[in-house]
Amino acid sequence: SEEASRCSSTELNANSERESWSQVFAMYAAQAGRGVAAPGGRGVGDVLEQIKSEFTQVADESNACLRQRDEYQHKWEAQKQEISQMQQMIKDFGARSRAIELTYEEEVQWLRRQIEEKGVPLKPRKDPSSAGGGLPPSFAAGGAGGAAGTITLPSFASLNG
């Protein structure tokens with residue numbers, strides 16, 4: 001914002017300089033009409049008009065560059081804000097993911113305690129890619145109770161792998 005105000009004041013200064021130079025050029029052009037000739041056969045008025053024209057062109061180009069710089073700066077700030085928002089969304093997603101993971105682990109622990117309380121021994125899975133697409137081996141074999149009444153629960157690590 002400080003730079004923008006500096007830019008605006010620079011643009012105002014350029015415009016006021018252009019006006020004062022225009023007044024100077026007009027004064028000399030009026031005097032040049034009295035027959036004073038510049039080197040090369042051109043009148044002083046012609047030379048002053050050329051200088052005025054070039055000065056105006058440079059001032060206009062300068063103002064265009066200042067506007068373009070302001071536009072790019074505005075785009076840069078918008079992109080920085082967008083990246084900041086995306087970073088915050090990623091942080092929020094990570095926090096929600098961790099919360100879901102903790103809830104899942106708590107539910108698995110609760111289920112294991114329930115099964116152990118009923119006296120059914122748990123047998124850990126040996127191969128996470130076992131037959132049945134993630135079903136316990138007792139269900140994958142087609143039986144509901146399995147051999148000797150054992151049930152195998154998947155671990156969180158086997159589900160992520």
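Every number here is computed from the coordinates shown, using simple stated rules; none is lab data. Since the model is a prediction, treat every value here as computed from it, not as a measurement.
Candidate cross-link partners of LYS118 among the lysines, defined by an alpha-carbon separation under 27 Å and a same-chain spacing of 8 or more, comprise LYS126.
Cross-link partners of LYS91 among lysines, defined as those whose alpha carbon lies under 24 angstrom from its own and excluding same-chain residues fewer than eight positions apart: LYS80.
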